[in-house]
Each structure stands twice: as structure tokens, then as C-alpha cells.
Amino acid sequence: MYKIIFEDKTEFMGGDPENSQWNDIPNKPITELQYSFGGKTIYLKNYEAYNHQLKLGFLPFNNQKTIILSIIIMVLEKGNVGRIIFDFPNKRIIKDIVPFGKEYNNRPASGWKAGLINKNPTCQII
């Protein structure tokens, strides 16, 4: 699902959405996060910090099983959080910016991983 490249050029491969292994990421600066699913790959480079959250729920016609409604990929830059939201039920990608501390349902998100400070961040979706 994702690949992380650290400042020391080592890499970490994450799992699938149901077992992302996000908490297993080594504690060292990230230079790049590559996130792939649904035929798209997101390349995020040189941000101050990185995070992701899953939004779970039920669909009206399938209330027996919890499903992933969206994946929210977040990057921190100068006190603001850029979010890329993969909204699966509506088959769309939403990009927005919110203040740090209000990134998940208007509250802080846990699980931030350190990136780099004072670099030139870039985001590309292919």
C-alpha cells in the first residue's frame, strides 16, 4: 500500500489498509512517502511530518461488515495540514488544507511521523 524512504536512504514497506503497519515505522526522518491503491500513486516529498487515517463505517446495503469508507493521507507544512482523501463510496479524491490540530473530524490526529524541516515539499498524484 505504501513505501517510505528515509533520510538515510533506507526504506519501509507498509501493509494493506486493514493492517497498515503505520505504528511499526522506524523513528527516523522521512524524505518521501509513496502511497498506492485504486490504480493511483501519490508521491509526497520533503514534508515536515506525515500521517494517515482510515475512516470506517457501514454502507446501507451491507450493514453486516465494517468497510473502509476513506483513506486520509496527511502532510504537515508550516502549521497547516494538507489532506488527500480517497472517498471510496463516491469514487473521488478530495484535496484540502486544514490547520494543524483539526486534521481529523476537526480534532488532532495521532500517529504523526517526522519528516524534514525547511525543504521544498512536493505532491504528485499519478
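The values are calculated or read from the model by the stated rules, or taken from the named source; none is laboratory data. Just so it is clear, the model here is predicted, and its values are computed rather than measured. All Cβ positions, even for glycine, are placed from backbone atoms using ideal geometry, and neighbour counts span all protein chains on display.
Can you go through ILE117, ILE73, ILE25 and tell me which one is β-branched (Val, Ile, Thr) and over 21 Å from LYS9 (Cβ atoms)?
Answer to the check: ILE73.
Of the residues making up the stretch 89-120, just one is modelled with pLDDT of 95 or more, of a type in the set (A, V, I, L, M) and within 29 Å of PHE58 (Cβ to Cβ), namely VAL98. Evaluation of ASP16 against the conditions (1) touching a residue at least 40 places away in the same chain (Cβ under 8 Å); (2) farther than 14 Å from GLN124 by Cα; (3) surrounded by fewer than 17 Cβ atoms within 10 Å (Cβ to Cβ) shows that the sole unmet condition is (1). Residues considered: ASN46, ASN80. Of these, the only one that is closer than 16 Å to PHE6 by Cβ, out of contact with any helix residue (DSSP H, G or I) (no Cβ under 7 Å at 6 or more places or on another chain) and at pLDDT 90 or above is ASN46.
Just to be sure, is LEU33 under 11 Å from the mean Cα position of the chain (by Cα), without any contact (Cβ under 8 Å) to a residue 60 or more places away in the chain, under 15 Å from LYS3 (Cα atoms) and surrounded by 12 or more Cβ atoms within 10 Å (Cβ to Cβ)? Criteria met by LEU33. Meeting the requirement of 3 or more residues that are polar (S, T, N, Q) and surrounded by 10 or more Cβ atoms within 10 Å (Cβ to Cβ), no strands (runs of 3 or more DSSP E) wholly within the stretch 59-126 can be named. All of ASN46, ASN51 fail the test of being in contact (Cβ under 8 Å) with a residue 60 or more places away in the chain and on the phi > 0 side of the Ramachandran plot, apart from ASN46.
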